[in-house]
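Asks: Take a look at this one; I'll ask things after.
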Amino acid sequence: MNLTLDQKVITVQPGQSLLDLIRQEELDCRQLSARPLAAKIAGEVFTLNYVPLRQKDVDSDRPSMRRAMAASQGQVQLLRYRDPAGKECYIRTAQFVIFLAMRQLWPEARTKMNCTLGSSVYFQVADCDDFSARKLRQRMVQLVEQNIPLIRRRVPLEQALERYTREGQLDKARLLQWRQVDYFDEYAYGEFADYYYGEMMPSTGYLQNWDIRSAEDGFIFVYPDDQNPDVI
């Protein structure tokens with residue numbers, strides 16, 4: 001099977017992910033402004049962990065591309081930070097790492113995204129007398145250095161409802177009660193799991209340029225600059 005990756009025609013083997021192909025074609029780099037963060041196929045955003053051709057499609061009696069690949073006729077557009085959809089993947093990944101670090105350091109704390117401030121967002125922290133922005137930043141650096149894969153998993157809806165209710169995330173539990181299907185997709189690491197409406201970057205190691213600043217009753221998370229993603 002052939003596909004066109006950023007206008008370059010390449011041959012895909014069963015089981016290869018988009019990330020595998022990007023590395024194979026030497027399109028990956030450490031410079032955030034040039035680094036592929038996600039992909040757009042047939043107008044839909046996909047994680048770079050997406051596999052265009054699964055082995056079961058090859059082994060079946062009637063081999064076929066996956067639905068999105070067939071709809072796009074094999075065209076794949078790589079998304080970078082300057083693309084709004086690429087930036088959204090970066091922001092979702094940052095949120096996951098923030099809440100994971102908060103859960104690990106202060107499991108009883110309540111953390112809420114409050115408002116945006118230019119290329120940053122203010123987080124309010126409650127029920128946490130010993131919160132430290134410096135300590136949070138140190139833990140996030142460790143999680144980024146671990147380069148944890150971010151894989152979406154599917155769980156039974158009842159299981160997700162029970163967990164969010166037990167953890168006190170009642171807003172999410174109420175929303176899930178209206179869900180029409182009996183499953184739920186989420187990202188997880190260890191005992192921590194959360195839902196994000198959209199795709200993430202392949203791993204925590206992609207979270208390159210950011211900072212955390214102390215603020216009253218919480219902290220400010222600073223994103224890369226929109227026009228120059230290599231600086232914050």
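Asks: I need every pair where a residue in region 1-29 that is at pLDDT 90 or above has its Cβ under 6 Å from the Cβ of a residue that is of a type in the set (Lys, Arg), sequence separation at least 6 or different chains.
Replies: Cys29/Arg35
Asks: Let me ask something additional. Among the residues of region 102-126, which ones are open to solvent by less than 50 Å² (accessible area, probe 1.4 Å) and more than 17 Å from Glu191 (Cα to Cα)?
Replies: Of everything in region 102-126, those that are open to solvent by less than 50 Å² (accessible area, probe 1.4 Å) and more than 17 Å from Glu191 (Cα to Cα) turn out to be Thr111, Ser119, Ser120, Val121, Tyr122, Phe123, Val125, Ala126.
Asks: May I ask you to list the residues in region 53-77 that are at pLDDT 90 or above and not β-branched (Val, Ile, Thr)?
Replies: Step one: of region 53-77, the residues at pLDDT 90 or above are 75-77.
Within region 53-77, Gln75, Gln77 meet the criteria.
Asks: Name every residue in region 67-91 that is assigned to a loop (DSSP other than H, G, I, E, B) and either small (Gly, Ala, Ser) or touching a His at 6+ places or on another chain (Cβ under 8 Å) (or both), in order of residue number. Give the derivation first.
Replies: To start, the set of residues in region 67-91 that are assigned to a loop (DSSP other than H, G, I, E, B) comprises 73-74, 80-83.
Answer for region 67-91, where residues must be assigned to a loop (DSSP other than H, G, I, E, B) and either small (Gly, Ala, Ser) or touching a His at 6+ places or on another chain (Cβ under 8 Å) (or both): just Gly74.
Asks: Among the residues of region 192-216, which ones are among the charged types (D, E, K, R), in contact (Cβ under 8 Å) with a residue 60 or more places away in the chain and within 18 Å of Met113 (Cα to Cα)? Walk me through how you get there before you give the answer.
Replies: Looking only at region 192-216, we keep the residues that are among the charged types (D, E, K, R), and these are 194, 199, 211, 213, 216.
Those still in the list that are in contact (Cβ under 8 Å) with a residue 60 or more places away in the chain too: 194, 199, 211, 213.
Scanning region 192-216 gives Asp194, Asp211, Arg213.
Asks: Please identify the pairs in which a residue from region 123-139 that is on the phi > 0 side of the Ramachandran plot has its Cβ atom under 6 Å from the Cβ atom of a residue that is open to solvent by 70 Å² or more (accessible area, probe 1.4 Å), counting only partners at least 6 apart or on another chain.
Replies: That search, which allows pairs on different chains as well, returns Asp127/Glu108; Asp127/Arg110.
Asks: Limited to region 152-184, what total is found for residues that are touching a Pro at 6+ places or on another chain (Cβ under 9 Å) and on the phi > 0 side of the Ramachandran plot?
Replies: Of the residues in region 152-184, the ones touching a Pro at 6+ places or on another chain (Cβ under 9 Å) are 182-184.
Add one more test, that the residue is on the phi > 0 side of the Ramachandran plot, and what stays is none.
Going through region 152-184 one residue at a time, the tally reaches 0.
Asks: Let me ask another. Under 6 Å between Cβ atoms, at least 6 apart or on separate chains: pull out the pairs that start in region 93-104 with a residue that is farther than 17 Å from Ile151 by Cβ and of a type in the set (Gly, Ala, Ser) and end on any residue that is open to solvent by 10 Å² or more (accessible area, probe 1.4 Å) and assigned to a helix (DSSP H, G or I).
Replies: Short answer, once both residue conditions are applied: Ala101/Arg139.
Asks: For region 176-185, check the following and say yes or no: at least one residue is under 25 Å from Tyr50 (Cβ atoms), among the hydroxyl-bearing types (Ser, Thr, Tyr) and under 12 Å from the mean Cα position of the chain (by Cα).
Replies: No; the residues of region 176-185 include none that is under 25 Å from Tyr50 (Cβ atoms), among the hydroxyl-bearing types (Ser, Thr, Tyr) and under 12 Å from the mean Cα position of the chain (by Cα).
The values are calculated or read from the model by the stated rules, or taken from the named source; none is laboratory data. Note that the coordinates shown come from a computational prediction; the quantities given were computed from them, not determined experimentally. Every residue, glycine as well, gets a Cβ built from its backbone with ideal geometry; the counts of neighbours run over all protein chains shown. Side chains are part of the model used for accessible areas, which takes the heavy atoms of the whole protein and leaves out ligands, DNA and RNA. Shrake-Rupley method; radii C 1.70, N 1.55, O 1.52, S 1.80 Å.
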